[in-house]
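The values are calculated or read from the model by the stated rules, or taken from the named source; none is laboratory data. As the structure is a prediction and not an experimental result, all values here were calculated from the model. Here the Cβ positions follow ideal geometry from the backbone for every residue, glycine too, while neighbour counts run over all protein chains shown. The area values use the complete protein model at the heavy-atom level, side chains included, leaving out ligands, DNA and RNA. Shrake-Rupley method; radii C 1.70, N 1.55, O 1.52, S 1.80 Å.
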Amino acid sequence: MPIRDRIARTQLWKSVFRHPMPTDRRNRVQVMLSNFFLHLHPVSVQKQGIALSYTWCMGGATFFLFLVEVVTGVLLMFYYRPTLEHAYNDVLALRDVATLGVLRELHRWSAHAMVIAVMLHMYRVFLTGSYKPPREFNWVIGVMLLVLTLLLSFTGYLLPWDQLAVWAITVGSNMARATPVLGLEGPGANLLTLGDGVKLITPASDAKYVLLGGRSVGEAALNRFYVLHCVAIPLAASLLIMVHFWRVRKDGGISGPL
Amino acid sequence: MLQDVNPGVLAGLAWYYLLASALNAAAAAHVAYAEMVGEGADVAGLAPRTRRFPGWLGPVLVGLYGPALLILGLRGWIPGGTTAAYGLAALANGLLALTAGADAAHFAEVRASGGVHADEAHPSLDDHVPAAGLGGPINRTLWALVWSVVAVVFQAIGLTYLFHGPLVLPSFARAGVDSMAGPTTFFLGSALLFAATLRFRRVVANGLVAFGVVNLSILAFGLSLTDGDFRRIVSTPDNVPIVGLIVLAAGFTWLALRRGVINDARRAEGLPVLEALEQDRVLSWPDLVYIELICMVAMTLFLIAWAVALPAPLEQPAKMTEAPNPAKAPWYFLGLQEMLVYFDPWLAGVGIPVVIIVGLCAIPYLDVNEEGRGYYTAASRPFAMATFLFGFLVLWVVLIVLGTFLRGPNWNFFGPYERWDPYKVVPLNNVDLSDLVWIRALGRAKPSWAPLRELPGLALLAFYLFALPPILLRTLFKGYAAKAGTARAAVAVVLLLLMAGLPLKMMLRWTLNLKYVVAIPGFNI
């Protein structure tokens, strides 16, 4: 008996995989049904639907880059401390002395690549008309995921705490100050005023303050962006990714001509 | 301008042209030997094996490129190794190009004698090309020769750089480009290029035309790299992804247009679209799972190479008292930052993003066209295509490129070869619509009461947002309104007008120096 089959008959193998190697049709169906990670996929797919010339593989690439971000991000979190005292020096050390400091490069370039991939995925979905019924709402979820991707990248941009980071976030967060009604310099900022002239929108309560946790980019902003970047937005994105994938299946799989 | 190029740059350019040459040699070989199956020719039985790749060529190429890579990897231990590797690879490029060209020339004789060409039962791929809607049959001999000559020329340029030849972009060309470049010409030029691409997509979809454009771009980019200022801005680590975005967006647009052109031609003849040719279902294991695995491995390798080759940027520690000039947002927001030139922050930073997100979400509910689901097409959904592509390619990608590469200190415009001079003075003489109406047209002082003073702008705005949509719904969008229902159509038209507001305001700025249509502090539009 070949060694491969011998392994496939051990109790250990069976306890993990439940069935023999996926070498025949029956087991190839089995593997898709019984493996948690594979059961995202249908058992069979349209051959043209998975062609690279059709999908450009951009949705899958986006998800893969998200996973790369999670793995490298968690590893970087072991090293990096989000305080004014340590943040910059930790990143500096990642560049100069830390073993596997290249993880930061991986993390940053994968983030850029993910932004590009998610845009191109949306572009492909539009070009093939894949948002048309019954997939309308999954497109909407996709738009939300695009926004979350941009926010993930934006919040991460601040963490190295160098000139590039701080001023990019300053430029970005200055926009919040111009939010209509809720921003100090936005139109209608005086609308939220209590009877005798008590303004509700002040430099210490407007939209920019909420975003930064202070009047300008400082320690509170660093903490806020760190938590958003490492916990809040990834959780929200994970949830929406699950819904997105689930709905791809429920809406009939990868689109194709009728 | 030789001070711009140091030995490191020359070596880099030599390798750049080596790769360009390899690409063209491969293209020549592709035209000469490959059976093209991309357009569904294989499924339709239209792609016979017309020419044979010479058996001796494969091992020879491996024998040249392989040692070249090996020597390159061990260059630290082999003196002069880099040059030797370059020579081997260049030799392989030339060999491939010349063989492909010669074989294609030989094929012309075979063809003239009626030897291998198509018959009724086995039409060749050349006969498939016009059937696919891409114009007349291509002259394979000619094009294989053209690309092999281009490969040899690129290789010659590369060798010139290797031996430190001073081949740089002439200064009059740089001065000419810089003097012509400006936000107006750049944006309008891009918009015109976009419109022409869409209009003449049948020409653009032709692989030979597209490859010609690629070659011209390679040459233009290579020559531009000899300019220090251009190199500085393009090779800034955080800008490298945008170079990638340009290439990917252009490439995918081309792929989609090409398939759209072919599908449209097929539909016109009553043939099924390419995506409908393959009706088979396959098991996810192995067909899908393996594609995913291969993609993951390829991307991992790519990311590791990128991470090792290019250090992530890290500037001086943050100093809240010292603003860099220019202070730029992350690259994907630079289109919005560019909008700050034309709009106040409450519109550029809040209003426009909200409209973009809402508009994107609304697309599936506004597009009631049942055509074009699940296949690439252009002709059966022209309006949706033109609108979305304009939004993505011109209003998003082009403005990001403008904001990243061409906006320098004080957000002034700088040509691609222009030094970023923080003291560059650009005269600003923008006027409000109220100035134009009251002072220039009516020749009197502006009223002091703001609502009266801004009456022209408010009236224009009211007309644009409230009177124009009903008019459009009864005229231009009549058919759409009948199909989609009035409410849906009204939302679509208003969103469309909001989107059109961007280029309109830009054009008003360029033509009339218009600053604000409505100038009420806090509510400037």
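Do we find a residue being among the polar types (S, T, N, Q), assigned by TED's automatic domain parsing to the domain that holds residue B:96, modelled with pLDDT of 50 or more and more than 23 Å from residue B:262 (Cα to Cα) anywhere in region B:128-140? No - not one qualifying residue is present in region B:128-140. Number of residues in region B:398-455 that are of a type in the set (Val, Ile, Thr) and buried (at least 20 other Cβ atoms within 10 Å of the Cβ) equals 4.
Here region A:114-134 is the region considered, the condition is being of a type in the set (A, V, I, L, M) and at the interface with chain B (Cβ under 7 Å from one of its Cβ atoms), and the residue that is nearest to residue A:252 (Cα to Cα) is A:127.
Do the conditions hold for residue B:199, that is, is it out of contact with any Cys (no Cβ under 9 Å at 6 or more places or on another chain) and more than 14 Å from chain A (Cβ to nearest Cβ)? Please lay out each step first, then the result.
Details: out of contact with any Cys (no Cβ under 9 Å at 6 or more places or on another chain): yes; more than 14 Å from chain A (Cβ to nearest Cβ): yes.
Yes.
For region B:139-178, the set of residues classified as crowded, with 17+ Cβ neighbours inside 10 Å and among the aromatic types (Phe, Trp, Tyr) consists of B:143, B:147, B:154, B:161, listed by residue number.
Selection of region B:364-378 for residues being surrounded by fewer than 21 Cβ atoms within 10 Å (Cβ to Cβ) and touching a residue at least 12 places away in the same chain (Cβ under 8 Å) yields B:365, B:366, B:368, B:369. When the residues of region A:16-54 are filtered to those that are of a type in the set (S, T, N, Q), more than 26 Å from the chain's Cα centre (by Cα) and open to solvent by less than 60 Å² (accessible area, probe 1.4 Å), the one that is farthest from the other protein chains (Cβ to nearest Cβ) is A:34.
Counted as qualifying within region B:272-381 are the helices (runs of 4 or more DSSP H) with 2 or more residues that are facing chain A (nearest Cβ under 7 Å) and within 30 Å of residue A:25 (Cα to Cα), namely B:274-277, B:289-309.
I'm checking my understanding of the structure. Among residues of region B:382-392 that are under 19 Å from residue B:261 (Cα atoms) and open to solvent by 20 Å² or more (accessible area, probe 1.4 Å), which one is nearest to the other protein chains (Cβ to nearest Cβ)?
Result: B:388.
For region B:179-189, filtering for residues that are open to solvent by 60 Å² or more (accessible area, probe 1.4 Å) and not in a helix (DSSP H, G or I) leaves 0.
One residue stands out among those in region A:91-102 that are touching a helix residue (DSSP H, G or I) at 6+ places or on another chain (Cβ under 6 Å) and more than 8 Å from every other protein chain (Cβ to nearest Cβ): the one that is farthest from residue A:163 (Cα to Cα), which is A:101. Looking only at region B:67-107, residues that are open to solvent by 60 Å² or more (accessible area, probe 1.4 Å), in a helix (DSSP H, G or I) and β-branched (Val, Ile, Thr) come to 1 in all.
For region B:479-525, a tally of residues being open to solvent by less than 30 Å² (accessible area, probe 1.4 Å) and of a type in the set (S, T, N, Q) returns 1. Within region B:248-272, residues that are free of Cβ contacts under 8 Å to residues at least 60 places away in the same chain and in the same structural domain as residue B:218 (by TED's automatic domain parsing) reach partners that are part of a helix (DSSP H, G or I) and open to solvent by 10 Å² or more (accessible area, probe 1.4 Å) with beta carbons closer than 6 Å, at six or more positions or on different chains, in the pairs B:254/B:210.
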